[in-house]
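The values are calculated or read from the model by the stated rules, or taken from the named source; none is laboratory data. In this text, all values refer to a predicted model and were calculated from it rather than measured experimentally. Backbone-built Cβ (ideal geometry, glycine too); neighbour counts: all protein chains shown.
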Amino acid sequence: MSLNERHAPAPTRRMLTCAALIALACAASAPAWSATGALSTTVHPALWPRVQWPLPESPRLQQRIAAIIARMTVPEKVGQIIQADIDFVTPEQVAKYHLGSILTGADSGPDKNPIATAQQWLRLADRYQAAALQGSGIPLLFGADCVHGAQKIVGATLYPQNIALGATRDPALVEKIEAATAEEMRTVGFNWAFAPGVMVPQNDRWGRVYEGFSQDPALVARMARAAVLGFQGTPGTPDFLDARHVAATAKHFLGDGSTTDGIDEGDAEVSERDLIRVADAGYPPAIAAGVQAIMVSYSSWNGVKMSANRALLTDVLKRRMDFGGFLISDWDAVRQLPGCVGAACPKAIDAGIDMAMEPNNWRAFYTNTLREVEKGSIPMQRLDHAVARILAVKLRMGLFTQGLPSQQPLGGKFDLIGSAAHRALARQAVRESLVLLKNAHHLLPLKPGQRVLVAGPGADSLPLQNGGWTLTWQGTGTNNADFPGATSIWAGIRQAVAAAGGTAELSVEGRYTRKPDVAIVVYGEKPYAEYLGDRPNLEFEPRDGATLRLLRRLRQAGIPVVSIFLTGRPLWVNREINASNAFVVAWLPGSEGEGVADVLFRKPDGGIAFDFRGKLPAAWPINAVDQPGLDGPHALFPYGYGLNDADNGDLRTLPTASGIEPGAIAVAGR
Ligand code: GLC
């Protein structure tokens, strides 16, 4: 029995060609809309891109997998396809129920504390891995959301969030960043990253825009490949999936960024062609780079939940696109499927999900899935295929011979965490990600040897400059002390100004003793993650917001104002731009805030150290209600816009009508 069901059952190539031609003929004429007027859910695999999985089916690997499976009991096979969260499972239970994987949820951690040191993480990882090896003898995959650095570890290097990396247009930089992230992960025993997010956000109201690289499918495709190669290494080279790398996860398949109104976990009501052209853009390059896992989206396509969409998960992803890794469901996602009360879900396994992320419901899922297998509603062949895909990843990574995390090459090498080299890389990424939208009379770059006031809630706030998925799920409940080694934007400015003999002072409220020559005001979105970040419209702050009052007060005092906008997405800020002499989008820059000062200020000798390079990874909205498209409508600044120091940065006064109807009831995304 081939343990690899990737290839369609045995039709001849000629039959496949004929089938493809027929499908293409049908699909070309197939209306995107069915007779009922609903968007069609029919899938035509022949329309989807063909991809070449880069890992040849090695007979030796297949033999090793078959030998392991032959020795496994049915309970061991069922346990292998279940992932539990460390806050809800003990090492002893991992052994008893033969679980194949654990994860740390974004709010989980050693002794249920998400804010944990490297030492605490490594001790935990050792305990769980030891239990797994003493139990089934099959090593665990330990997954974590390291989506902008190894963000679960106190002191880790935190890189700009993906939207900022999209603004750099620098895939080589992204590859280095993820390789550095993988190293910091392996020092504490994480061997699987739930990253990169390869969503292609189409609506800025969505709470996960910042997890995507861009609104542009082509840019996402380039970045997806680079990120996977960074996390995993290059297939066919000695360092591929070695002990300095981790398994990567392209997520979330499919259409998470295409839902109507940007509703998180909502419905992507789009044609099959648009699903291919936009949402699927990152998957072919990720698969071609050998991505070992793909996470299935909570969302639906035209009303069908992705977690139960066999046509897309198996016929398209595993067969047509030749994906040879394994599919994992999202957190409790199978519980959302009709008929799956979360205590088992044959239809999800049948659809193609190979591992179920059942963080706190894992035991019921185990018991009931075992029963479904014994009843035959999950065929043993399907179970074996799922187990085979998971074992293949563990064998490729050499986990069977690597012992405990602390015994592995990077285990305990904590000097890698927040290392000078990694922080320099993050600082470079900050510099390359800044997008200059306005620079009246060439105010920037600033002379450093002057009197500078730094104001605003984001000036000296590591939580605000990092955003969600930072130590905690929402990026809240933390303060600067939780980020040892990190630098706030204020600290970077103070350093640059002092080095040039200038004077810098910090006042969040913008108060000053002596009138400054210039004010730098840092403000933006408060941290959020997932559906809690969904918005009813794109207005950053109401008309009489605190930020606007601060900006206007400084301008009325005759002080030139530089706005540094911290945001996970394009937002409507016409009023704030009007109140600023210069306006810089800093996105969510991470732990190395001094990268902002590197670009804002000239060198002490008056030269320019670093010019602005960042280009918008998405179109910027002209009002608060119309989502701008890549091709321009409703865009104040188009996709790809970004000034440098030499450009004429003067800007007309922008319209201040938000477009939000008076009294409009804000219909939140959820
Ligand atoms: C979340 C997210 C997913 C993440 C997973 C584990 O709900 O949708 O991106 O990897 O749970 O934290």
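From A344, A388, grab the single residue that is assigned by TED's automatic domain parsing to the domain that holds V291 and over 23 Å from A248 (Cα atoms).
On the way: A388 fails: over 23 Å from A248 (Cα atoms).
Testing whether each residue is assigned by TED's automatic domain parsing to the domain that holds V291 and over 23 Å from A248 (Cα atoms) leaves just A344.
Of the residues that make up the range 169-192, is at least one outside the structural domain of W587 (by TED's automatic domain parsing), within 15 Å of the ligand (Cβ to nearest atom) and among the aromatic types (F, W, Y)?
Yes, the range 169-192 contains at least one residue that is outside the structural domain of W587 (by TED's automatic domain parsing), within 15 Å of the ligand (Cβ to nearest atom) and among the aromatic types (F, W, Y).
Please return the ranges of helices (runs of 4 or more DSSP H) entirely within the range 44-156 where 3 or more residues are within 29 Å of the chain's Cα centre (by Cα) and within 16 Å of the ligand (Cβ to nearest atom).
Details: elements: 59-71, 74-80, 91-96, 118-134.
Filter on the range 44-156 gives an empty set.
Can you tell me which condition F190 does not meet? The list is (1) part of a loop (DSSP other than H, G, I, E, B); (2) within 12 Å of the chain's Cα centre (by Cα); (3) aromatic (F, W, Y), and all the others hold.
Checking F190 against (1) part of a loop (DSSP other than H, G, I, E, B); (2) within 12 Å of the chain's Cα centre (by Cα); (3) aromatic (F, W, Y), the one that fails is (2).
Can you pull out every residue in the range 310-348 that is touching a helix residue (DSSP H, G or I) at 6+ places or on another chain (Cβ under 6 Å) and β-branched (V, I, T)?
Within the range 310-348, V316, V334 qualify.
Would you call G510 free of Cβ contacts under 8 Å to residues at least 60 places away in the same chain, crowded, with 20+ Cβ neighbours inside 10 Å and farther than 18 Å from P589 by Cβ? Talk me through it step by step, then tell me what you get.
Numbers: free of Cβ contacts under 8 Å to residues at least 60 places away in the same chain: yes; crowded, with 20+ Cβ neighbours inside 10 Å: yes; farther than 18 Å from P589 by Cβ: yes.
Criteria met by G510.
Just one of (1) in contact with a helix residue (DSSP H, G or I) (Cβ under 8 Å, 6 or more places away or on another chain); (2) within 21 Å of Q292 (Cβ to Cβ) trips up I163, so point out which.
Of the numbered conditions (1) in contact with a helix residue (DSSP H, G or I) (Cβ under 8 Å, 6 or more places away or on another chain); (2) within 21 Å of Q292 (Cβ to Cβ), the odd one out for I163 is (2).
Does N309 count as at positive phi, in contact with a strand residue (DSSP E or B) (Cβ under 7 Å, 6 or more places away or on another chain) and either at pLDDT 95 or above or of a type in the set (F, W, Y) (or both)? Spell out the reasoning first.
Numbers: at positive phi: no; in contact with a strand residue (DSSP E or B) (Cβ under 7 Å, 6 or more places away or on another chain): yes; either at pLDDT 95 or above or of a type in the set (F, W, Y) (or both): yes.
Judged against the criteria, N309 is not a match.
Report yes if A248 is within 16 Å of the ligand (Cβ to nearest atom) and either assigned by TED's automatic domain parsing to the domain that holds P621 or in contact (Cβ under 8 Å) with a residue 24 or more places away in the chain (or both), otherwise no. Working first, answer last.
Working: within 16 Å of the ligand (Cβ to nearest atom): yes; either assigned by TED's automatic domain parsing to the domain that holds P621 or in contact (Cβ under 8 Å) with a residue 24 or more places away in the chain (or both): yes.
Considered against the rule, which asks whether it is within 16 Å of the ligand (Cβ to nearest atom) and either assigned by TED's automatic domain parsing to the domain that holds P621 or in contact (Cβ under 8 Å) with a residue 24 or more places away in the chain (or both), A248 comes out as yes.
Would you confirm whether any residue within the range 348-362 is aliphatic (A, V, I, L, M), in contact with an Asp or Glu (Cβ under 9 Å, 6 or more places away or on another chain), over 16 Å from A247 (Cβ atoms) and not assigned by TED's automatic domain parsing to the domain that holds Q292?
No, because not a single residue in the range 348-362 is aliphatic (A, V, I, L, M), in contact with an Asp or Glu (Cβ under 9 Å, 6 or more places away or on another chain), over 16 Å from A247 (Cβ atoms) and not assigned by TED's automatic domain parsing to the domain that holds Q292.
How many residues are at pLDDT 95 or above and of a type in the set (A, V, I, L, M, F, W, C) when one looks only at the range 28-71?
Qualifying residue count, the range 28-71: 14.
Within the range 227-270, count every residue that is buried (at least 23 other Cβ atoms within 10 Å of the Cβ) and assigned to a helix (DSSP H, G or I).
Number of matching residues: 10.
Would you mind finding the one in D264, D239, D256, D204 that is more than 16 Å from the ligand (Cβ to nearest atom), out of contact with any His (no Cβ under 8 Å at 6 or more places or on another chain) and of a type in the set (D, E, K, R)?
Answer to the check: D204.
Which residues, counting only those in the range 320-335, are within 15 Å of the ligand (Cβ to nearest atom) and either of a type in the set (K, R) or modelled with pLDDT under 90 (or both)?
R335
Taking G418 as meeting all but one of (1) crowded, with 24+ Cβ neighbours inside 10 Å; (2) part of a helix (DSSP H, G or I), write down the number of the exception.
The one condition G418 does not meet is (2).
Note down all Cβ pairs under 7 Å where the first residue falls in the range 467-491 and is within 17 Å of C146 (Cβ to Cβ) and assigned to a loop (DSSP other than H, G, I, E, B), the second is acidic (D, E) and within 16 Å of the ligand (Cβ to nearest atom), and they're at least six residues apart or on different chains.
Correct list of pairs: W469/D145; W473/D107.
Name the residue that is surrounded by the most Cβ atoms within 10 Å (Cβ to Cβ), counting only residues in the range 207-226 that are in a loop (DSSP other than H, G, I, E, B) and within 16 Å of the ligand (Cβ to nearest atom). Steps first, answer last, please.
Going residue by residue through the range 207-226, those that are in a loop (DSSP other than H, G, I, E, B) are 207-208, 212-216.
Still in the running and within 16 Å of the ligand (Cβ to nearest atom): 207-208, 212-213.
Numbers: G207: 23, R208: 26, G212: 29, F213: 34.
The selected residue is F213.
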